[in-house]
Each structure stands twice: as structure tokens, then as C-alpha cells.
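The values are calculated or read from the model by the stated rules, or taken from the named source; none is laboratory data. Everything numeric here is computed off the predicted structure, so don't read it as measured data. The protein model used for the area step is the full one, side chains on, heavy atoms only, and it has no ligands, DNA or RNA in it. Shrake-Rupley method; radii C 1.70, N 1.55, O 1.52, S 1.80 Å.
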Amino acid sequence: MEKIWLKHYPKGVPAEIDVSLYPSLVSLLEDSFTRFAQQPAYKFMGRAFTFQQIDTASSALAGYIQTLGLSPGDRVAVMLPNIPQYPVSVAAILRAGLVVVNVNPLYTPRELAHQLQDSGAKALILMENFATTVQQCLKDLPPLKIVLTSLGDMLPFPKNLLVNWAVKYIKKLVPPFRLPGAMSWNDAMTAGRAHGLRTALVGPDDLAVLQYTGGTTGISKGAMLLHRHLVANILQSEAWYRPALSKIPPGEQLHTVCALPLYHIFGFNINM
């Protein structure tokens, strides 16, 4: 059958991609960490984070997550806005052999309880601004392992302390909360570095992400995205970027302004 749509492809965009190039998102991530180690991966509040820094941070967090007694394929929820802790958390969960469950930080307690119950999440990575919401629904949930971060935790000293202090005491964006047993981001990173990361065996047909729908036609439902689905999506996106990438002068890098929330499906694909 003639593929007439190929006539409309921009020059330089291939008709096919090799989806077997990476057996998993973990393989793709770790290849990128190695190939682009010294290049900036993300920029936030004036600070650039290299691929190597994301590699190191996600390895440490994954090492901590592996101490929580979770089994391969268990779900870990991520309730974060667009901050550096988000890509670190996603990479850490995948590298630990677990499944990412993206959570909208603006959920009400009822909406959050539904998603955590429905996904079967065993752990939650959370920004303290939304901790009061979690507190309100804990009584309706099985026990959760919680990692708690503040907005500036990945910024250099003393900017990290200044940002966290301003968010809490000047902007007053952190309502009072109580989450007994929650581990702070910095303590989790320290514990993870001491423990080290054990390589997890994940393949193309393993579940990578439970991505919940917007719930506009009923309750939010989890779409099951396998490693091979997301690898194919990333390679497809990269293929469409090739004409633009070919025009970038040597030594320069393409930058993407991420105005959309990373926890949503369109933001997640951009991030990965």
C-alpha cells in the first residue's frame, strides 16, 4: 500500500524509526546521561543542571527508593510541579525498576485519594506545598512511604535556603501539615548515596508509567504505558526534530521552554 502521507514529511524526517534501539526507558536515559554528560539537561531559577548531575541525583534517589522494601513493578506516585526534582524523581523510579504515577499537585483530597487507591501506589514523592492535601486523605489509604521536598532543595547553597525560607515564611505557600515518618529529600539523597543503586532488570513490555486521564468524562483512569511505548514516542519525536537539529551551529544546543505541566501526559512526553 502506498504511504501517500510520506510525501508531506519535511526533508530529513525518516519514514521509520528503530524502536528496538533501546530495550527500556532506563537504557535510553542512561545512554543520554553518558553521551551528553556535560551538557545542560534542565535550567531552573538561573541554575543549569547537566545530564551528569541528573544522573548522579537520580541514582542516589533510586538507591534510597530501593531501601523501602518495594517489589519490581510497584507504583511510586510523583506529586510535583515543574521543578528539577521532577525529572530526577521520574528517572529514579524507573531506574529502581518501579512504575511512575504522575499526580496533579492541585488535586483535592478526594481526587488524590482516588488516584493513590486506584494505582496502588506504595510510595509518594511530594513537594511540601501540597502536603496538607496528602495529610487529609491518609486515613483513607494504606501506609505510604513519603519523600518530602521543598522548592529550592536542588539549588546551590545559600540560594536553596533563601528560596525555601521565602516560600514558607514570606509567600506563605506552605500550609501547616503533619506527615509523621516522611523522609526529607536531602536525607533521602544522603541515604541513597550510602546504599548505592542496584541495576534493575526492565524490558520493553514492562509497565513504565500509569498516566491518569483528565477525568473530564468521569473519574480519572490510569493509562498503562509500557517502556516500549514511551521509547517509541521519544524516538519519533527526535526524528521530527532532526531538520531543526541539523541547522544548529556546532557547539550549540536546542532549548525547549516547558510551559506545560510535566505531570500531565503532554508534559511528560516533552520531559522524557
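Please report the base-10 log of the normalised intensity I(q)/I(0) for the chain, using a Debye sum with one equal scatterer per alpha carbon and no solvent, at each q in 0.06, 0.11 (1/Å).
Rounded to two decimals, the profile gives -0.19, -0.65.
I'd like to know how the range 7-124 sits against the 2.2 N^0.38 Å rule of thumb: what's its Cα Rg over that expected value?
In units of the 2.2 N^0.38 Å rule of thumb, it is 1.26.
Quick one: how many lysine pairs does the chain have with C-alpha atoms less than 27 Å apart and a gap of 8 or more or different chains? Give me the count, please.
Close lysine pairs found across the chain: 20.
What do you reckon, how do Cys137, Cys258 stack up by accessible area (1.4 Å probe), largest on top?
Cys258, Cys137
So how far, in whole Å, is the C-alpha centre of the range 182-215 from the one of the range 129-154?
Each part's Cα centre sits 16 Å from the other's.
Sequence gap at least 6, Cα distance under 8 Å: using those rules, report the relative contact order of the chain to the nearest whole percent.
It rounds to 23 percent for the chain.
Suppose we take every Cα in the range 181-272 and form the convex hull; what volume per residue is that in Å³?
Dividing the Cα hull volume of the range 181-272 by its residues yields 211 Å³.
In 10 Å bins starting at 0, how do the alpha-carbon pair distances of the range 59-158 split up by percent?
16, 51, 30, 3, 0
Per-residue ellipticity at 222 nm for the chain, helices alone: DSSP H runs ≥ 4 residues times -39500 (n - 2.57), over residue total, nearest 500 deg cm²/dmol?
Helix-only estimate at 222 nm: -11000 deg cm²/dmol.
Kirkwood Rh over alpha-carbon pairs of the range 80-222, then Stokes-Einstein at 20 °C and 1.002 mPa s: what D in µm² s⁻¹, rounded to an integer?
The diffusion coefficient I find is 131 µm²/s.
For Glu238, Glu128, Glu16, write out the residues from largest to smallest accessible area, computed with a 1.4 angstrom probe and no ligands counted.
Sorted by accessible area, descending: Glu16, Glu238, Glu128.
Stretch Thr256-Met224 to full length: gain in nm at 0.36 nm per residue minus the Cα-Cα span?
Extra length available between Thr256 and Met224 comes to 8.9 nm.
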